[in-house]
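Accompanying notes for the structure given below.
Only the coordinates and a few stated rules stand behind these numbers; no lab work does. Predicted model, so just to flag it, every value in this text is computed and none were measured. Glycine also receives a Cβ, built like all others from the backbone with ideal geometry; neighbour counts cover every protein chain displayed.
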Amino acid sequence: MADVALSVNGQKRSISVRDPDMPLLYGLRNALGLNGPKFGCGLGQCGACTVIIDGVAQRSCMISVRDAAGHEVTTLEGLGSATAPGRVQRAFIAEVAAQCGYCTNGMIMTVHALLTRDPHPSEADVRRELAGNLCRCGSHVRVLAAARRAAAEG
């Protein structure tokens, strides 16, 4: 077993892992109980596992626990809570931008990272940023509306 020190949602955390090359997604969910990031494809293609690492939206299924050490990791839980949701979370709620909700983590994290870099993106910018996030339910129109709302409230 190896102990790996992580900075997650502004807190220093340590997790014990058998293999430090284990995907960060598993460490977040299994060791830290952070269930915002979801296992979707395991190949970095769907976006359900998206977290923000040092300000950049990243697929946590493709980054090892070892490689995340020394970087600031933000999960959905770090953006807000059920009683005090963050700006993008509030916009997704107001626009009812989820059906099954499985992709919602990735959509919110991607929009949050975009708005941090560019507080007033064009619709084309939002579409380009979200192009790698899959939603099988077809919530894309509402997700775009939520991104516009969050940008307007910025």
* Asked: At what distance in angstrom do the alpha carbon centres of the range 3-53 and the range 82-154 lie from each other?
  -> 21
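Contour minus end-to-end for Asp19 and Asp67, with contour as 0.36 nm per residue of separation and end-to-end as the Cα-Cα distance?
Gain on stretching Asp19 to Asp67: 16.1 nm.
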* Asked: Which residues make up the longest stretch of the chain that has no trypsin sites (Lys or Arg not before Pro) in a DSSP loop with at most 15 other Cβ atoms within 10 Å?
  -> 19-135
* To do: Would you be so kind as to identify all helices of the chain, as entire DSSP H runs, whose Cα atoms reach 18 Å or more along the helix's own axis and whose mean Kyte-Doolittle hydropathy is at least 0.5?
  => 104-117
* Structure fact -> Asserting the computed 222 nm helical MRE of the chain (DSSP H runs at least 4 long, -39500 (n - 2.57) per run, divided by residue count, to nearest 500) equals -9000 deg cm²/dmol
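Mind putting a number on the dipole of the range 26-154 about its Cα centre? Charges go on the C-beta only, +1 for Lys and Arg and -1 for Asp and Glu, and I need it in Debye to the nearest 20.
On the way: 13 positive and 10 negative charges, 65 e Å.
My answer is approximately 320 debye.
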* Structure fact -> Given the candidates Ala97, Val4, Ile52, the one whose Cα lies deepest towards the positive end of the charge dipole of the chain, counting +1 at each Lys or Arg C-beta and -1 at each Asp or Glu C-beta, is Ala97
